[in-house]
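Right, I'll just put the structure down here and ask away after.
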Amino acid sequence: MTVLITASGSHGDVYPFIALGHELKSRGHDVTLFASGYFESLVGRAGLSFSPIGTAEDYLRILAHPNITHPTKGFGIVVGSLLDTLPQTYRQLADAVDPDNTILVGSSLAFPSRLLQETDNIPGVTVHLAPSVFRSAIQAARVGPIAFPGWMPASMIRGLYSAVDRFALDPVIAPRLNPFCQTLGLPPVRRAFNSWIHSPDLTIGLFPDWFAAPAPDWPSQVHITGFPLYDQPEDGLSPDVESYLAGGEPPLLFTTGTATMDGREFFAESVDACRLSGRRGLLLSRFPDQLPSDLPVGVRHFSHEPFSLLFPRCAAVVHHGGIGTTSQALRAGVPQLIRPMAFDQFDNARCLIRLGVARELFVSRYKSRAIARDLERLISDPTIAAACSRVQTRLHGHDAVSSTCDLLENLFENLPNG
């Protein structure tokens, strides 16, 4: 079969779809991945055909926006940039279709894939990387710093979701999505995040059910498969990192994620926390201009290394709560300190705290003394160490990528023309 995969987001959002594409290609399928031109080399290393959505320069320009990680404004920037490319990406997908032999696979914001699924009656699969995209009035996800209180009735939660759609999300999406729908002969999309983004054919949650259990009111076509845990570790750690790691005790690792260009305050406070604690620190960022100019002895900066190889050799991981970083730290069995900023990060932090493997500091409280204090508690607490070990064990021996590809093949084989 021909598999057309559309992925949006940062490295942690694109890697899972590279993993799916690589596995599907190994099974003999023809796979093309559609993503920002920034990721062309990563997709090429996996041996997949690639079709760029915008340029690398476009991607970096979006990352440089001052509100990209704002808890409310960031959504409009990300979605707006994707809607800018909607007509062109739809045409790229349509041109790549092999009639009666194609399946569409799209990430949460793969609007072109959902539209092509409807206009051309092509089987489609939505793959969500984090549980917060699933709405439930019974087990509500945390959509920001404040969670829904336990006493709130389901009817009130549903009403709040409706208000969020009407006053926050639809005003961003509808004015640019629905005019294009009209040109395709489709009805307007309303409350896109209520149900439309979940493909009616098959929707997959690429996380384990012990991280976030499916709620009774999730869509019936949802299947949960597990974390993909893929980051192209084939080349190993760089010699410089190996030398640093061998030179002392396991360091504290600090990263704001690959989609953050304005982490100056984060890194400044993190470096001060290393000074206060007397511990070594490893700062991971592709954008070195975020870093303090004078790093103390024992604190080093590196651009990027495979998380799967690096995290197990660290004392703790401090990060933003992105799902890719979260899952790799769980596999490494190390405690986590989360500084959530936007998107799915607040809910991922909630899940980690519930598992007993993490603590959380909001941006306003992310100060050196609080960081040093919380990290010492995380590292020295045997209860947290035991929880990290239990979760690490649960990730052994389960191949979520293979299970997901089985579901895709099964969907296609059971179609009338499959």
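When a/c reaches 1.5 or more, the comparison of a/b and b/c decides; with that in mind, is the stretch 239-394 rounded, prolate or oblate per its Cα gyration tensor?
Rounded shape, in that the Cα axes give a/c under 1.5.
Within the P(r) computed for the stretch 138-214, what percentage of the Cα pairs occupies the region above 19 Å?
Roughly 53 percent, rounded to a whole number.
Taking the chain as a Gaussian network, where each spring joins two C-alpha atoms under 10 Å apart, which residue of Pro239, Pro179, Pro312 fluctuates the most?
Pro239
Classify the chain as rounded, prolate or oblate from the Cα gyration tensor: take a ≥ b ≥ c as the square roots of its eigenvalues, call it rounded if a/c is under 1.5, otherwise prolate when a/b beats b/c and oblate if not.
Prolate, because a/c is 1.5 or more and a/b exceeds b/c.
Okay, next question. Whats the longest run of the chain with zero chymotrypsin sites (Phe, Trp or Tyr not before Pro) that are DSSP loop and have at most 16 other Cβ atoms within 10 Å?
211-361
Another question about this same structure. Please report the relative contact order for the stretch 239-394, taking Cα pairs under 8 Å with a sequence separation of at least 6, and give it as a percent rounded to a whole number.
RCO, the stretch 239-394: 22 percent.
Choose one answer from Gly397, Gly281, Gly37: the residue with the largest mean-square fluctuation in a GNM of the chain with alpha-carbon springs under 10 Å.
Fluctuation is largest for Gly397.
For the chain, give the magnitude of the charge dipole about the Cα centre (Cβ charges: +1 Lys/Arg, -1 Asp/Glu; no others), in debye to the nearest 20.
Once rounded to the nearest 20, the dipole reads 1560 debye.
Compute the relative contact order of the chain as a whole-number percentage, counting only Cα pairs closer than 8 Å that sit 6 or more residues apart in sequence.
16 percent
Sticking with this one: Take the alpha-carbon positions of the stretch 48-153, form their convex hull, and give its projected area averaged over all directions (one quarter of the hull surface) in nm².
9.0 nm²
Moving to a separate point now. If I model a spin label at Ala64 and Gln139 as a point 7 Å from the Cα along the Cα→Cβ vector, what separation in nanometres do I get?
Spacing of the two 7 Å Cα→Cβ label points: 4.3 nm.
I've got another one for you. Just the Kirkwood number for the stretch 2-55, please: inverse of mean 1/r across all distinct Cα pairs, in Å, one decimal.
About 10.7 Å, per the Kirkwood formula over Cα pairs.
Which listed residue (Leu229, Ala372, Ile68) has the Cα farthest towards the positive end of the charge dipole for the chain, taking +1 on Lys and Arg C-beta and -1 on Asp and Glu C-beta about the Cα centre?
It is Ala372.
If packing is taken as the mean number of other Cβ atoms within 10 Å per residue, what is the order of 213-226, 285-298, highest first?
Taking the mean over residues of other Cβ atoms within 10 Å, the ranking is 213-226, 285-298.
To continue, here is another question. Quick one: putting +1 on the C-beta of Lys and Arg, -1 on the C-beta of Asp and Glu, what dipole do you get for the stretch 239-394 around its Cα centre, in Debye to the nearest 20?
480 debye
Which whole-Hz couplings ³J(HN,Hα) result when phi for each residue of the stretch 291-297 is put into the Karplus expression 6.51 cos²θ - 1.76 cosθ + 1.60, θ = phi - 60°, listed in order with x for Gly and Pro?
8, x, 6, 10, 8, x, 4
Grab the Cα-Cα distance for Asn414 and Asp235, subtract it from 0.36 nm times how many residues apart they are, and report the gain in nm with one decimal.
Full extension of this stretch gives 60.5 nm more.
Once each part is reduced to its C-alpha centroid, what is the distance from the stretch 182-215 to the stretch 22-87 in angstrom?
Centre-to-centre (Cα) distance: 19 Å.
In a Gaussian network model over the chain where Cα atoms closer than 10 Å are linked, find which of His396, His29, His198 has the largest mean-square fluctuation.
His396
Let me ask another. Give the separation of the Cα centroids, the stretch 308-342 to the stretch 216-245, in Å.
11 Å
DSSP loop trypsin sites (Lys or Arg not before Pro) in the stretch 375-418 with at most 10 other Cβ atoms within 10 Å of their Cβ, which ones?
Answer in residue order: no site qualifies.
Further, regarding this structure: Of Ala329, Leu352, Ala386, which is farthest towards the positive pole of the stretch 239-394's charge dipole, taken about the Cα centre with +1 and -1 on the beta-carbons of Lys, Arg and Asp, Glu respectively?
Ala386
Quick note: the coordinates plus some simple rules give every number you see, no bench work behind them. Not measured: the values here are computed from a predicted model. Cβ sites come from the backbone with ideal geometry, for glycine too, and all protein chains shown count toward neighbours.
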